[in-house]
Each structure stands twice: as C-alpha cells, then as structure tokens.
Amino acid sequence: MTTEEYQAAARYWEEKDAVSVKLEQDTLRAMAEKYIQSNNTCALATGTGDYVRCTPIEYSWHDHCFWMFSEGGKKFIGLGNNPHVCLAIYDRYTGFGTLHGMQITGLAELVEPFSDTYNAHAAWKNIPLETLRKLSSPMHLIRVRPTRIECLFSDFKELGGSPRQTLLLDESER
C-alpha cells in the first residue's frame, strides 16, 4: 500500500462516523456502562517507542474508572514511559447481528500501594489488606481513566442509531 492508501484506510471510520446516526449520549453511556459491568476481562495495550504489549487482564469498573491488580509483567515497560493506553472488551464473534465490543482510550496511572485509594479498591474487591501485605512482592494497582469509548453494538440499530458509536468523556467523568 502507498502512504496515501494507508491514510485513506485510517480515515475510514472517521468519514463513516461523520454521517452516521448518533444515539443520545445518556443512552450510549448507560449501554456502555452496562456492557463494561457485564464483563471483567479486557485486553490492555501499552507501549513506548517501538515497544508494544497487549495483555489480557481482569478489571473492575467503578468511580468511572477501570481498576486492575497486577503482579507485574511486560506491560509495565509501556506504563513506565507512556500513560496512554487502550483497552478492548468484546464478545466472541457469531455474526453481524450480534456484534458487541468496545475499545477504550484512556490514561493509566499506578496507585500507590496501601494508599487510601489502593485500600478502598481492595475493600471494593473484598481483598483483605493483610493478604496483600503478606505477598512477597507488592500487588500493583493500575487505574485507567477513560477519555473515549468506541462501541460496536448491533443493538444500536434497534434504537435507530448506527452500530458504531463514540462516547467522549469529559473531565468530570474521568
């Protein structure tokens, strides 16, 4: 492909979304949150320079953020240099009429172990602090504040919208 062909392919959804039928943001937000809460595993993409990593990881959703406990791993190469991340949550593909998936762009941060925020999330997950304190190495807590959620749900057609919708989150929702 030529540079122009790559650029045209990259613009595909921007051009299609520009003329698509949009749902009300409150409806979209409610459907997105319901889908996020009905799942608990995502693919977390991190990167820096020419290094990228995509890690399947369990998450929790509360306070408008994704929360992930992690022992460590190669994802921290990217997290240490670049807070910009992408998460993907999706169902197994069974046909165009049953599409459910989303990708979330956001900013990641590490929560200080045993800080008030860390302790509150451990309590939310019903993980005793003593259990965490007994580990030979600290359990890291990653918080991702989403800035953009792109949903591809077949259900949107039933509501009169295009199957692909984008939810932009403002500062109060991050």
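Computed quantities for the displayed model
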{"read-out": "Asp26 being within 30 Å of Thr131 (Cβ to Cβ) and of a type outside the set (A, V, I, L, M, F, W, C)", "value": "no"}
{"read-out": "Any hit, region 77-84, residues being loosely packed, with under 15 Cβ neighbours inside 10 Å and out of contact with any strand residue (DSSP E or B) (no Cβ under 9 Å at 6 or more places or on another chain)", "value": "no"}
{"read-out": "Test: Ala122 is part of a helix (DSSP H, G or I), without any contact (Cβ under 8 Å) to a residue 60 or more places away in the chain and among the small types (Gly, Ala, Ser)", "value": "yes"}
{"read-out": "Within region 1-91, strands (runs of 3 or more DSSP E) holding 2 or more residues that are in contact with a Phe, Trp or Tyr (Cβ under 8 Å, 6 or more places away or on another chain) and among the aromatic types (Phe, Trp, Tyr)", "value": "65-70"}
{"read-out": "Residue within region 67-75 that is more than 15 Å from Cys151 (Cβ to Cβ), crowded, with 19+ Cβ neighbours inside 10 Å, at pLDDT 95 or above and of a type in the set (A, V, I, L, M) present", "value": "yes"}
{"read-out": "All positions within region 125-160 that are hydroxyl-bearing (Ser, Thr, Tyr) and assigned to a loop (DSSP other than H, G, I, E, B)", "value": "Ser136, Ser137, Ser154"}
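Yes or no, residue by residue, for (1) closer than 15 Å to Leu44 by Cβ; (2) more than 16 Å from the chain's Cα centre (by Cα):
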| position | (1), (2) |
| --- | --- |
| Phe69 | yes, no |
| Asp91 | no, no |
| Ser115 | no, yes |
| Asn119 | no, yes |
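The values are calculated or read from the model by the stated rules, or taken from the named source; none is laboratory data. Just so it is clear, the structure is predicted and the values come from calculations on it, not from any experiment. FYI the Cβ positions are ideal-geometry reconstructions off the backbone, even for glycines, and counts take in every protein chain you see.
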